[in-house]
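Asks: Quick one: structure below, then a few questions.
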Amino acid sequence: MFLPELKVGHQKLIIHRDISMGNLFIFERDKKQTSFGRLMDYDHAKKASGWCEIPSKITSLESDRYLLKANLERNFGRKAVDDVLDTALKWHHPALASEYIRAVAKLSGLSDHASESPLTMKDLGWHNTEDKTKAHHWPDFTNRVAGPGERT
């Protein structure tokens, strides 16, 4: 594999910046069909001036859902269907999403008291009430005339 070359480059603060299939040469090592690669074409490479820590967190939807479910049950005493969790997680970190759902539930007239039934999209007013079989009506601009300084 070409990863050892990339690692050595990074240790020397060299960033390749153009890793693609066209910049990899794959060589056959021996008759056992093992191979190795070489990373080539360093014309776009840059030498970094130093190191800095970049915070990152790789999470999965499942782990975020798990955290949100636990927060909802602990702080709100309610459960929610996955659609509700996923919608809240689109906009908020799991730690804040439970407070967001709780606030929306209050605004929707739901109490803070525990309930056996999980919160649904309809409970929170997040469901789409339009009939999906209806055609969408778009504005008709066929007779539009441009005003002064406008383009059509």
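Asks: Sort 44-50, 120-126 by packing, meaning the average of other beta carbons within 10 Å per residue, with the highest value first.
Replies: Answer by packing, highest mean first, reads 120-126, 44-50.
Asks: To continue, here is another question. Less than 12 Å Cβ to Cβ from ASN23, Lys/Arg counted +1 and Asp/Glu -1: what total charge do the surrounding residues give?
Replies: So the environment of ASN23 carries a net charge of -2.
Asks: Per residue, what volume in Å³ does the Cα convex hull of the range 12-94 take up?
Replies: Value for the range 12-94: 220 Å³ per residue.
Asks: Between VAL8 and ASP30, what FRET efficiency follows from the Cβ-Cβ distance if R0 is 30 Å, with the result rounded to 0.05?
Replies: 0.80
Asks: Next question. Mind checking the full-extension length gain between VAL145 and ASP86? Use 0.36 nm per residue of separation minus the Cα-Cα distance, one decimal, nm.
Replies: So the extension gain works out to 16.8 nm.
FYI, it's all coordinate maths here, none of it is from the lab. Every value quoted in this text rests on a predicted model; they were computed, and no experiment measured them. FYI the Cβ positions are ideal-geometry reconstructions off the backbone, even for glycines, and counts take in every protein chain you see.
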